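S.K.: Mind looking over this structure? Questions follow.
What follows is calculated from the coordinates using simple rules that are stated; it is not laboratory data. Note that the structure is a prediction, hence the values are computed from the model and not measured. Cβ: placed from backbone, ideal geometry, glycine included. Neighbour counts: every protein chain shown.
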């Protein structure tokens with residue numbers, strides 16, 4: 001097959017109606033990649049279909065209010081740089097920020113396993129309180145359930161969030177246009193590799209911490225500097241990593257994403273660990289990094305705005321939007337070649353958030 | 001000890017600062033009774049304290065918007081009259097309705113266990129869609145996580161909800177006043193007993209189904225008939241049952257709740273099963289029943305309004321608010337005696353919702 005035939009075959013496969021072919025749920029269904037997408041489209045969207053859900057973005061926006069939710073099942077519960085508690089607050093704050101919203105209120109629902117240490121729970125809620133303070137949000141309502149031993153894994157947390165979207169801010173993956181610049185806000189993959197190494201069992205030592213942080217200050221700065229129209233879309237690169245987010249943009253806008261491998265910031269420790277584990281940093285979850293697609297003419301202003309904030313100090317333009325081939329993410333490698341960065345299949349790093 | 005000394009001792013115990021004394025989480029911490037309350041006050045409220053969370057109501061209301069969340073861990077997942085899916089939609093719809101809100105948007109976050117049948121998931125999401133339609137709400141955002149076999153129990157669902165509160169509607173357990181009437185919207189305990197019997201293992205047969213249903217139509221009718229001021233507070237009698245809800249009212253308003261045992265509607269099958277199980281129907285969870293505290297002079301109008309709706313056909317005045325003894329719930333028994341209906345201790349029916 002030549003390149004054109006390959007692209008055609010990929011296109012044909014993607015146009016097929018999503019259909020879950022497995023009888024049983026697998027870990028891949030929770031990995032954020034191809035299987036998750038199929039499950040969402042074939043089961044959840046099929047049942048719940050409505051115009052607000054359909055974009056399948058990080059949250060839904062209606063009447064100037066953004067609304068989002070995420071469950072957190074990370075293991076281990078405590079890892080260098082954070083724990084399930086600040087992750088659950090920052091993750092939902094970030095989903096709201098990616099909608100262009102100012103996060104305001106959070107809910108927190110706990111599923112605890114019988115026998116879970118109360119002292120650990122206090123550490124977790126303490127971190128949540130601190131993360132909420134840092135993000136400027138209030139945890140206003142919650143719930144607690146306890147299940148028998150062996151029916152959970154210590155502690156699961158589900159947060160939901162409500163935020164306000166200023167008039168004129170309208171972000172959407174489908175708004176990406178040829179000529180737009182793709183910016184990441186800092187080095188990628190720290191969170192995923194940190195959690196993976198915290199599980200032990202791998203003989204890799206690395207001086208890494210999760211970058212989990214609230215990004216609403218950074219997004220406010222970016223939107224203030226560039227104006228709503230020039231920022232096409234914001235996504236935090238969690239499960240499935242930067243590669244998954246960019247595939248969603250490419251598909252939604254029917255454009256090509258062309259990445260420059262050498263421009264993508266990856267810490268040497270992350271790169272080294274990924275090489276040993278046989279995974280690509282582009283697919284590794286970040287928890288305090290975002291991908292911004294901005295009008296190419298605003299790329300400089302956007303970069304300045306991001307770099308002026310501590311959480312965006314390592315921001316970089318990593319690629320651009322092109323017309324062809326629509327729906328695909330391409331990577332120009334350091335050796336001058338090009339490869340397709342496809343949607344994630346399987347789950348290299350389960351329960352990373 | 002005479003009666004006065006007993007009451008004083010209970011009062012003293014209640015005034016003590018809530019403090020979790022256990023090192024490990026127990027099932028009782030999730031039962032909705034005394035241990036849950038202590039955990040919430042000592043851990044969650046202590047960490048997150050703010051004026052919106054402090055009332056510890058079914059949801060929080062700010063700027064005319066109500067916001068609430070609940071996790072669902074019911075076992076079995078399917079039971080006569082419903083499943084975890086419609087339960088998760090109705091429960092959050094009802095929490096919003098109890099805030100006096102018109103439920104509008106729901107989020108749904110799934111934690112699935114590896115190996116869970118996709119066909120079961122489809123049945124659950126189908127029921128959720130139907131329940132959402134019936135309640136007039138839209139599921140606009142969601143999340144899916146998958147955990148390894150043995151790290152969950154098939155499927156857990158966390159829903160959050162956003163609703164709009166009309167100006168002038170202001171419900172609060174602390175608004176209850178001596179002379180107010182206490183109304184339940186129908187027979188109590190069906191849900192809890194149905195789920196208990198669906199687990200099998202008990203040699204009890206009963207023709208019972210869960211009453212899980214969206215109560216927003218019923219609350220809208222009641223608020224329309226009585227006006228905001230005359231309806232003091234609404235609570236759905238879920239975990240911990242009617243007894244727990246009324247204890248919360250008694251404590252929040254520093255009033256006595258005096259119940260008339262013979263007026264409380266309980267189906268013979270529920271009464272029979274409760275007797276065999278050694279539990280009191282007053283503590284059994286309902287999922288489609290509410291307790292309304294209304295101005296005594298509006299009791300007739302409230303009752304008419306409720307009975308005119310299919311979900312309130314069995315509504316009854318079951319007691320009244322009195323001045324003394326503040327903070328307690330008393331039951332006038334059929335034999336002419338009086339007993340204290342205290343807050344639930346332990347968990348007679350774990351994972352009922």
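S.K.: Can you compute the helix-only [θ] at 222 nm over chain B? Use -39500 (n - 2.57) per DSSP H run of at least 4 residues, normalise by all residues, nearest 500 deg cm²/dmol.
M.R.: -9000 deg cm²/dmol
S.K.: Moving on to the next point. With a 10 Å Cβ neighbour count serving as the proxy for reagent exposure, in which order, fewest first, do A:212, A:338, B:92 appear?
M.R.: With the sparsest Cβ surroundings first, the list reads A:338, A:212, B:92.
S.K.: Taking every DSSP beta bridge that has both residues in the stretch B:61-167, what percent is antiparallel when rounded to the nearest 5?
M.R.: Bridges in the stretch B:61-167 that DSSP calls antiparallel: roughly 70 percent.
S.K.: Fully extended, how many nm does the chain gain between residue A:307 and residue A:24 (0.36 nm per residue separation, minus their Cα-Cα distance)?
M.R.: Full-extension gain reported as 97.3 nm.
S.K.: If I build a Gaussian network model for chain A, linking alpha-carbon pairs within less than 10 angstrom, which residue out of A:322, A:263, A:173 has the largest mean-square fluctuation?
M.R.: Ranking A:322, A:263, A:173 by mean-square fluctuation puts A:263 first.
S.K.: Working from Cα positions, state the angle (0 to 90°, nearest 10) between the long axis of helix A:268-277 and the longest principal axis of chain A.
M.R.: Computed tilt is about 90 degrees.
S.K.: On to the next question. Within the stretch A:83-109, which residues have the backbone N less than 13 Å from the label spot 7 Å out from residue A:166 along Cα→beta-carbon, could you tell me?
M.R.: Within reach of a label on residue A:166: A:100-103.
S.K.: Right, here's the next one. GNM, chain A, Cα, under 10 Å: largest mean-square fluctuation among A:53, A:303, A:259?
M.R.: A:53
S.K.: What does the copy distance list look like for residue A:22, label position 7 Å along Cα→Cβ, in nm and ordered from shortest?
M.R.: 3.5
S.K.: Could you work out which residue, out of B:244, B:194, B:144, moves most in a Gaussian network model of chain B, that is, has the largest mean-square fluctuation with Cα springs under 10 Å?
M.R.: Sorting by GNM fluctuation, first place goes to B:144.
S.K.: Count the DSSP beta bridges whose two residues both fall in chain B, then state the antiparallel fraction as a percent rounded to the nearest 5.
M.R.: That works out to approximately 75 percent antiparallel.
S.K.: What residues from the stretch A:258-285 fall in the zone where the backbone N is under 16 Å from a label point 7 Å along the Cα-to-C-beta line of residue A:6?
M.R.: Inside the label zone: A:258-259.
S.K.: For residue A:51, place a label point 7 Å from Cα along the Cα-to-Cβ direction in every copy; what are the distances to the other copies, in nm, shortest first?
M.R.: Label-point distances to the other copies, shortest first: 3.7 nm.
S.K.: Using the 7 Å Cα-to-Cβ label point, sort the distances from residue B:148 to its equivalents in the other copies shortest first and give them in nm to one decimal.
M.R.: For residue B:148, the other copies' label points sit at 2.2 nm, shortest first.
S.K.: Restricting to bridges with both residues inside the protein assembly as shown, how much of the DSSP beta-bridge set is antiparallel, in percent to the nearest 5?
M.R.: Approximately 80 percent, going by the DSSP bridge assignments.
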